[in-house]
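The values are calculated or read from the model by the stated rules, or taken from the named source; none is laboratory data. Since the structure is predicted, the reported quantities are computational estimates derived from the model, not experimental observations. When we count neighbours, we look across all protein chains shown, and the Cβ atoms used for this are built from the backbone with ideal geometry, even at glycine.
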Amino acid sequence: MTKQSASIPIYTEAESFNKTGLRDFYIASYQDRQDAGLKRVAPHRHTYFEIIWITQGSGTHTIDFNDYAFKGPCLFLLQPSHIHQIVKDGPTKGYVLKFNESLFSVDAGIENLLLKYGIFDNINVQPVLHLNQGAVLLLDDLMQKMLLEYKNPSDLSTVIIASYLKIFLLQVYKLKDSHQQELLPRPEPRYLIYRTFKMLVEQQYRQHHTVQLYADELAITPRSLNEITHKYAGKTVSDLIKERLLLEAKRLLHHGQFSVKEIAAQLGFDDAAYFTRFFTKNEGMSPQSFRSIKNASAVDL
């Protein structure tokens with residue numbers, strides 16, 4: 001059994017997007033060949049957002065240590081921080097859509113879409129959506145429109161594709177809303193504070209570990225912020241900060257080649273021993289044990 005490489009690959013727009021006039025967007029349809037060998041892809045992450053729509057086929061999609069069995073039609077939503085790997089049971093068919101936030105600059109109404117509606121949430125993420133026939137027909141129509149515009153670019157293509165993508169993401173939001181109660185059809189002010197807090201955690205979890213610092217940035221009291229996170233996540237502010245730190249620690253331990261001391265420093269812990277106690281208390285094992293267990297079972301696919 002071969003260990004996987006010491007660090008996780010990160011694919012950028014330059015490597016993953018075609019060299020067209022639409023530098024912030026990429027879309028393609030695909031169909032695996034029966035005789036293609038179905039090469040398994042090693043765990044990786046991207047610098048961009050990605051939507052994978054599998055219309056036919058099945059397998060397992062691992063996203064940040066969680067396995068999601070899938071069978072088409074289904075939709076996967078991935079943001080830049082996710083580490084993921086797809087293992088297919090056989091040939092699959094579908095679409096891959098990639099974009100970065102720069103695309104949104106052409107439409108002021110879309111620029112806060114990801115934050116406001118939480119379509120690509122990292123905390124309490126719902127990365128897979130199984131689709132009924134009505135949703136398949138609706139999203140297929142939008143995918144085909146974006147694909148056609150992408151293949152035949154003009155001076156207006158960026159604006160047109162951004163508009164289609166806005167509609168597509170809002171339809172995805174409606175689908176997520178029908179699956180879970182966390183997302184509200186008409187976000188209230190306290191809900192938007194919650195979403196802003198989650199974005200702040202994503203941006204600052206390495207530097208800010210305390211409730212007070214986030215409360216200060218949001219201009220509310222720690223008690224009010226805790227009430228908000230309890231309402232929309234069922235967890236305290238400290239719980240959500242801790243979860244984000246632990247997730248990144250596990251990523252670095254499993255996929256990186258940094259020492260525990262270096263990981264502690266990257267995550268804002270001045271004392272590596274304190275980081276080790278923090279990790280052990282919350283994971284039930286030391287960072288070294290976690291790395292040994294994960295690496296022992298890792299296979300270079």
The lone condition Arg223 fails out of (1) surrounded by 14 or more Cβ atoms within 10 Å (Cβ to Cβ); (2) part of a helix (DSSP H, G or I) is (1)
Considering segment 183-208, residues that are in a loop (DSSP other than H, G, I, E, B) and crowded, with 18+ Cβ neighbours inside 10 Å, and then whichever is modelled with the lowest pLDDT, we arrive at Leu183
When segment 121-151 is checked residue by residue, the ones that are of a type outside the set (Lys, Arg), more than 21 Å from the chain's Cα centre (by Cα) and at pLDDT 90 or above are Leu137, Leu138, Asp140, Asp141, Leu142, Gln144, Met146, Leu147, Leu148, Glu149, Tyr150
Considering only segment 10-26, I want to know if a residue exists there that is surrounded by 13 or more Cβ atoms within 10 Å (Cβ to Cβ), hydrophobic (A, V, I, L, M, F, W, C), in the same structural domain as Val159 (by TED's automatic domain parsing) and modelled with pLDDT of 90 or more. no
